[in-house]
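To start, the structure under review is shown below, and the notes come after it.
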Amino acid sequence: MNKKYREFICDLINKIGQVPKEDREYFLSKLRVLKLNKNEHFIEAGDTQGPLGILYSGVLRVYLPDAEGKEKNLFFRTSGDFEGVYSPYFQPYENKIWFSTQAITNSEILYFTQEDLEDLKKNFNCWNMFELYIFQVRNVQMENRILSILTQDAQSRYELFLEEYPDLYNLIPQYQIASYIGINQVSLSRIRSMIK
């Protein structure tokens, strides 16, 4: 693993807690690097296993199709965000992955395979601390997203998008933002003109 990835991951580990050097090196030895081109997938719906990754660079979208086959964006992931599959990790082969994760821009992801995760669970002494951190971060994101969808109008959701993802406004297509907010592009244009 090259120096830039090591420093990135070591900074992340240091935020989580004290990890002995031997454990940190074991953790780093399991990480793999994946470079995705724009529109390539990291995770695809229907699979039974998937990786757990930390986005180094780029932008990902997490989406699923609705009943009419239209893709609905659930989340965007930016540098430092975790992205992965959890239900197969807890119930192997019983659950299919229900969402897809696609690169909106060229992206680099540092990731663990399902087998790596099982190995880390058994042999990485600080795994519980790391796993708890991931679940806390992801749980808060999920709760905030659900609350936004259920309690805010479209303009409020757009304003929240701008607050949460200030760098994405000019980086990703407007139809992706509209999908995330849960409206069409015409409605998004109206909201944008009202806010200016």
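Each value in this text was obtained by applying a stated rule to the coordinates, not by laboratory testing. Quick caveat, the model's predicted, so the values are computed rather than measured.
A simple rule links phi to the HN-Hα coupling: the Karplus curve 6.51 cos²θ - 1.76 cosθ + 1.60 with θ = phi - 60°, which for region 3-11 gives 4, 5, 5, 4, 4, 4, 5, 5, 4 Hz, with x for Gly and Pro.
Look at the alpha carbon pairs under 8 Å that are at least 6 residues apart: their mean separation over the length of region 46-183 gives a relative contact order of 27 percent. Rounded to the nearest Hz, the phi-derived 3J(HN,Hα) couplings of region 66-72 under the Karplus curve 6.51 cos²θ - 1.76 cosθ + 1.60 (θ = phi - 60°) are 8, 4, 8, x, 7, 7, 10, where x marks glycine and proline. The string of couplings for region 119-125 from the Karplus curve (6.51, -1.76, 1.60, θ = phi - 60°) is 5, 4, 4, 8, 10, 9, 4 Hz, one whole number per residue in order, with x for Gly and Pro.
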